[in-house]
């Protein structure tokens, strides 16, 4: 590839750099600026349009083309641009997914709370043991139940910092 074919008219080092010691490729993690992204997209567009119609990277048709065929190059550039675009939008997409997940969780919590609150309201309509004992004429049991409820309530008030008056 010549300098005029690379983004910005300079020889491109790409997204990978060679490790001087072992010749291994390492991924560069420097985020691209908007201007860098715009230059890359413009260059990719030119390369893809020069190889119209591009052949899908890795397909049998792509493998059958000579390595110098512009359609083969366009297929590679198109695949690379898909990967780069995904990385460009990753942060925004993840933030959106997290926010959407939180919104769903909050909605489910509201619905669960509404169901639980409705159950508590229904329980408020159920007579207490003391009330049932009074209805049956078991006033001694009703009195003990009231004493027991008062002791529980007084203990609750003391443990929660309320007044036990």
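The values are calculated or read from the model by the stated rules, or taken from the named source; none is laboratory data. Keep in mind the model is a prediction, meaning the values are calculated, not measured. No Cβ is skipped: glycine too gets one built from the backbone with ideal geometry, and neighbour counts run over all protein chains shown.
Taking residue 8 as meeting all but one of (1) surrounded by fewer than 10 Cβ atoms within 10 Å (Cβ to Cβ); (2) at pLDDT below 75, write down the number of the exception. The one condition residue 8 does not meet is (1). Answer with yes or no whether residue 122 is out of contact with any strand residue (DSSP E or B) (no Cβ under 6 Å at 6 or more places or on another chain), exposed (fewer than 10 other Cβ atoms within 10 Å of the Cβ) and in a helix (DSSP H, G or I). Answer is yes for this residue. What tally of residues in segment 40-69 results from selecting those that are surrounded by fewer than 17 Cβ atoms within 10 Å (Cβ to Cβ) and not in a loop (DSSP other than H, G, I, E, B)? So the answer is 10. Restricting the first member to segment 43-54 and to residues that are over 13 Å from residue 75 (Cβ atoms), and the second to residues that are modelled with pLDDT of 95 or more and surrounded by 13 or more Cβ atoms within 10 Å (Cβ to Cβ), no beta-carbon pair is closer than 6 Å while six or more apart or on different chains.
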